[in-house]
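What follows is a set of notes on a single structure, which appears directly below.
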Amino acid sequence: MALQKFLGECEKISGLKAQANAREGRGLASANCFELSREQKKDPREIAEIAAGKASKRKKTLVGGVAADNGYVNFFPSKKFFELALKQALRKKFGENAELIGQKIVVEYSSPNVGKPFHIGHIRSTILGDAIKRLLEASGAKVISFNYPGDSGTQVAKLVLALELKKATPKNERQLLKLYQWIHKQLEKERAQNGVLKLGEKVREVSDAIEAQDAKTLGTVEKIREISFRSFEKSYKKLGVKFDEVTGESKFFANAKQKALEAKALAPQFVQTDPKDGTLVLKLEEFSIPNNILLRSNGTTLYITRDVGLADYKWEKYAFDKSITVTASEQNTHFKQLFKLLELMKRPYALKLAHVGFGLITLESGKISSREGNLVYLDEVLKEASESALAQIGERGAGYSPAERKKISSIVGVGSTKFGFLRVSNEKNILFNPSKAVSFTGDTGAYLQYTAVRAKSLLEKSGVKKIKPSELKFIGEKGADNDRVNGGLNEEEKKLVEKISLFPSIVSQATRHYSPHIVCEYLLKLAAAFNEFYAKHSVLDADSEDKKKLRLALVAATANVIENGLKIIGVSVPKKM
Ligand code: ARG
């Protein structure tokens, strides 16, 4: 990519390691001489002056100018650089790279618990996991998207019991939720009375029956799972999320006990039966990780025990190069324990595992947050977002048909909701407000969608069908830098191309850190640079035909980067807005 080549040339002519910085007035890249100064016991300013002097005299292609600045050497791009950067930015798949070609990566995300609507944390997991998957794919990896729903556990046992007690035959997830809330209340009442926990005992019996694979109980579980999954599927469809494999926790009950005993045999130093109560304990103090239990005294298994089976299963089935699990960071410790355990069990894949944790989400008070606790229907979030998008299309879209309006508001509503979640870095908490997330102004997905749409409509208006980068003429304006440095572009044009040229390295950085928010932040800055350029310089009424073409190329490249960038994290851009 143009930027990489530029950095390579900087290094070659100066002998210094240059970094892209795009800082105000400091060139596209700079190198600092402080480390050398310590080594050579020389003034960094002097080192920078000498290096810049030498580099200036060397033959350069993409570097147009070099200047020393207070211990730094700054590198300015040449016209050739801008030509190359623009040419690459106009490519359809600009931003994609081949860094992970040949790699097989399993990404597990969403994994909601059956019997309840999506927990808001599962919405974040779904959106974040899907964006990570797309990022990895943009870098050439083959990704298997994996969903591991919680289709066992106490919440399912409670529901089975509720169905039995009320002789209910729920038809949809809302009825399921009612039943869940009912049993929950009964259990709470019982607990408050401080007497015998008859119902509580029953829940445990049902749990044991699930664990023992009792046919009748499993039949009810299956019914519950079907109802839940029908609703999850609807959500996935709305979000444009697809899974290659959906395999629930219940599958891993069968061999979980055996896995726990295997752990004891393989790592006797760390997996021991507690002589007091007979539980099988995973002891990780030595690694500064809290202990956990692998088997209860009655031989039943736990969440972590089943995760051992799941990890083996993924490895046997996919022989992955990397396996990533996306969950709330409440589970950080769980995954530390699990990964350490697998390492102690000498699993060949133990070091290929990664966990991506994310912070809590709360809904800013509004229509949907009145629902009990953190349970929300994704539908309601998306509905509020789409309605608010529709309201903003308002007069602007006077000429749009009702069908068009509906389509646009859905793309904007869903896209901005996703962006609203993704623009916050993984570990940070989110205070979410769907209406704010779709605002056409501010740091939102809708704003980016709108910027891309506007840029594209400008291109259409210009009547120029195809921009050939080789035909672009870089001519200086009055007051612009000379032709050699900065390609004769004015300040806003220059900044815009520099920003555009950063895109591929932004994508690879975001991929390496499993952090879509890096792309989000970048796109917002790019849009700001575009708007500054656009506010100050006329495109269609530029001084000359050459300048007009050049500016149209900038517009086209910006639209391309925004659209590709959004697509890479799972957000589409509507045709009109
Ligand atoms: N179902 C779990 C929950 O909602 C998440 C599962 C995460 N994946 C895993 N392999 N443990 O908390």
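The values are calculated or read from the model by the stated rules, or taken from the named source; none is laboratory data. On a predicted model such as this, the values are computed, not experimentally measured, just so you know. Counting neighbours? That spans all protein chains shown, and the Cβs are built from the backbone with ideal geometry, glycine included. Heavy atoms of the whole protein, side chains included, go into the accessibility calculation; ligands, DNA and RNA do not. Shrake-Rupley method; radii C 1.70, N 1.55, O 1.52, S 1.80 Å.
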Any residue at all in the stretch 94-110 that is over 17 Å from Ala138 (Cβ atoms), open to solvent by 10 Å² or more (accessible area, probe 1.4 Å), of a type in the set (Ser, Thr, Tyr) and touching a residue at least 40 places away in the same chain (Cβ under 8 Å)?
no
Within the stretch 198-216, residues open to solvent by 70 Å² or more (accessible area, probe 1.4 Å) and farther than 15 Å from Arg296 by Cβ come out as Lys198, Glu201, Lys202, Gln213, Ala215, Lys216
Scanning the stretch 509-552 for residues that are among the small types (Gly, Ala, Ser) and open to solvent by 10 Å² or more (accessible area, probe 1.4 Å), the one nearest to Arg423 (Cα to Cα) turns out to be Ser515
Residues of the stretch 396-409 that turn out to be in a helix (DSSP H, G or I), farther than 16 Å from Thr441 by Cα and without any contact (Cβ under 8 Å) to a residue 60 or more places away in the chain, as a count
4
Sort out which residues of the stretch 161-203 are free of Cβ contacts under 8 Å to residues at least 40 places away in the same chain and not in a helix (DSSP H, G or I), and write them in order of number.
Lys167, Ala168, Thr169, Gln193, Asn194, Gly195, Val196, Leu197
List every residue pair whose Cβ atoms sit under 7 Å apart, with the two residues 6 or more apart in sequence or on different chains, where the first one lies in the stretch 26-45 and is under 14 Å from Asn70 (Cα atoms) and polar (S, T, N, Q) and the second, anywhere, is open to solvent by 70 Å² or more (accessible area, probe 1.4 Å) and outside any helix (DSSP H, G or I).
Ser30/Gln19
Could you please find all residues in the stretch 145-177 being of a type in the set (Asp, Glu) and within 10 Å of the ligand (Cβ to nearest atom)?
Asp151
Has the stretch 312-329 got at least one residue that is among the basic types (Lys, Arg) and within 11 Å of the ligand (Cβ to nearest atom)?
yes
Qualifying residues in the stretch 238-258 (those that are more than 30 Å from Ile132 (Cα to Cα) and either in contact with a helix residue (DSSP H, G or I) (Cβ under 7 Å, 6 or more places away or on another chain) or in a loop (DSSP other than H, G, I, E, B) (or both)) - the one least open to solvent (accessible area, probe 1.4 Å)
Asn255
Can you name the residue in the stretch 111-124 that is surrounded by fewer than 24 Cβ atoms within 10 Å (Cβ to Cβ) and assigned to a loop (DSSP other than H, G, I, E, B) and is also nearest to the ligand (Cβ to nearest atom) among such residues?
Ser111
Based on what the data block shows, is Ile127 closer than 12 Å to Ile324 by Cβ, touching a Phe, Trp or Tyr at 6+ places or on another chain (Cβ under 6 Å), assigned to a helix (DSSP H, G or I) and within 16 Å of the ligand (Cβ to nearest atom)?
no
Yes or no: Ile132 farther than 30 Å from Asp214 by Cα, within 16 Å of the ligand (Cβ to nearest atom), in a strand (DSSP E or B) and at pLDDT 90 or above?
no
